[in-house]
1. For the stretch 1-18, enumerate the residues that are farther than 13 Å from V65 by Cα and either touching a strand residue (DSSP E or B) at 6+ places or on another chain (Cβ under 6 Å) or surrounded by 14 or more Cβ atoms within 10 Å (Cβ to Cβ) (or both).
2. Can you confirm whether the stretch 125-134 contains a residue that is under 16 Å from the mean Cα position of the chain (by Cα) and either surrounded by fewer than 17 Cβ atoms within 10 Å (Cβ to Cβ) or modelled with pLDDT of 95 or more (or both)?
3. Would you call W138 of a type in the set (F, W, Y), over 18 Å from F18 (Cβ atoms) and touching a residue at least 40 places away in the same chain (Cβ under 8 Å)?
4. Does I21 satisfy the criteria of being within 12 Å of the chain's Cα centre (by Cα), buried (at least 17 other Cβ atoms within 10 Å of the Cβ) and closer than 18 Å to I126 by Cα?
5. So G38 passes all but one of these: (1) more than 23 Å from K129 (Cα to Cα); (2) modelled with pLDDT of 95 or more. Which condition number does it fail?
Amino acid sequence: MNIPLPPFSGDRVYKLVFEEIVEPIVKKFKPQIILRNGGSDPHFSDPLTNLNLTIEGFKMIGEKVRELSKISDEREIDFIASGYNLKTLPYCWLALVSGLLDLKIPLEKEKEIKEPEEVIEKAKEIVFKIKKILKPYWF
């Protein structure tokens, strides 16, 4: 699934998208394996995107994918393939892997990133539109 996100989307928006779109579709589809492609470019310090994911957000994604992989007998492949801030890249990947494997390790502390409410509202509109389009198939 590719889901367009508004600029400056961060942890709250990613959590919303997982809970409202990704999780219901995976639960209904019941895949035999989960393939997830991603990297660290949604991190707020990455120069490629205008997204605001934090290291904790990467861990949350890993946790959510780990939970969803139970549907496929824990068969999951994660393609970590991008990221352009070499200073934060290893911390983002470590956080993602710690979530995927349920590792209790301390993560790098970052400044708190607050997503503007208008970004959250725009994301909710996008989620609503996507669910409306996909309703005949998944919802």
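The values are calculated or read from the model by the stated rules, or taken from the named source; none is laboratory data. Since the model is a prediction, treat every value here as computed from it, not as a measurement. Because the Cβ atoms are built from the backbone with ideal geometry, glycine has one as well, and the counts that use them run over all protein chains shown.
1. Scanning the stretch 1-18 gives I3, L5, P6, F8, S9, G10, D11, R12, V13, L16.
2. Among the residues of the stretch 125-134, at least one is under 16 Å from the mean Cα position of the chain (by Cα) and either surrounded by fewer than 17 Cβ atoms within 10 Å (Cβ to Cβ) or modelled with pLDDT of 95 or more (or both), which makes the answer yes.
3. Taking the combined requirement at face value, the residue does not satisfy it.
4. Details: within 12 Å of the chain's Cα centre (by Cα): yes; buried (at least 17 other Cβ atoms within 10 Å of the Cβ): yes; closer than 18 Å to I126 by Cα: yes.
Yes.
5. (2)
Yes/no per residue for (1) of a type in the set (A, V, I, L, M, F, W, C); (2) in contact (Cβ under 8 Å) with a residue 60 or more places away in the chain; (3) within 20 Å of K109 (Cα to Cα); (4) touching a Leu at 6+ places or on another chain (Cβ under 8 Å):
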site: P6; (1), (2), (3), (4): no, yes, no, no
site: S9; (1), (2), (3), (4): no, yes, yes, yes
site: R12; (1), (2), (3), (4): no, yes, yes, no
site: Q32; (1), (2), (3), (4): no, no, no, no
site: G57; (1), (2), (3), (4): no, no, yes, no
site: I61; (1), (2), (3), (4): yes, no, yes, yes
site: L68; (1), (2), (3), (4): yes, no, no, no
